[in-house]
Amino acid sequence: MGWTRIRLLICQSADADGRLRSLLASWTDVAAPDVFIQIAAGRSFVRPDDLATLAALIEQIERSHGG
């Protein structure tokens, strides 16, 4: 999912700067449990899709720097 992961917006009136804060819904108990995380049971630090995205990004950076 990359940058499109569901985020929660939090507004606290006690915040001095009055800005909205956001965090990934997966960091809370609001979203349904991630199936990959349940099946991996701590044996994997990254999702295959995220790893493929990272590999593509590294390849793009290497090409742009003549590597």
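All of the numbers you see were taken from the coordinates with simple rules; none came from a lab. Here the structure is a predicted model, which means the values were calculated and not measured. Neighbour counts are summed over all protein chains in view; Cβ atoms, including those assigned to glycine, are modelled from backbone coordinates with ideal geometry.
So if each residue of separation counts as 0.36 nm, and I subtract the Cα-Cα distance between SER64 and ASP50, what length gain in nm does that give? Spell out each step's value before the answer.
Values: separation 14, 0.36 × 14 = 5.04 nm, distance 2.11 nm.
The SER64-ASP50 span can extend by a further 2.9 nm.
Using label points projected 7 Å from each Cα along Cα→Cβ, tell me how many nm separate VAL30 and ARG7, to one decimal.
In this crude label model, VAL30 to ARG7 measures out at 1.2 nm.
Once the piece of chain linking LEU57 and ARG21 is laid out straight, how much longer is it, given 0.36 nm per residue of separation minus the C-alpha distance between them?
On the way: separation 36, 0.36 × 36 = 12.96 nm, distance 2.73 nm.
Stretched out fully, the LEU57 to ARG21 stretch lengthens by 10.2 nm.
Amide H to amide H under 5 Å from ARG7: which residues, 5+ apart in sequence or cross-chain, H placed 1.01 Å off N in plane?
ALA25
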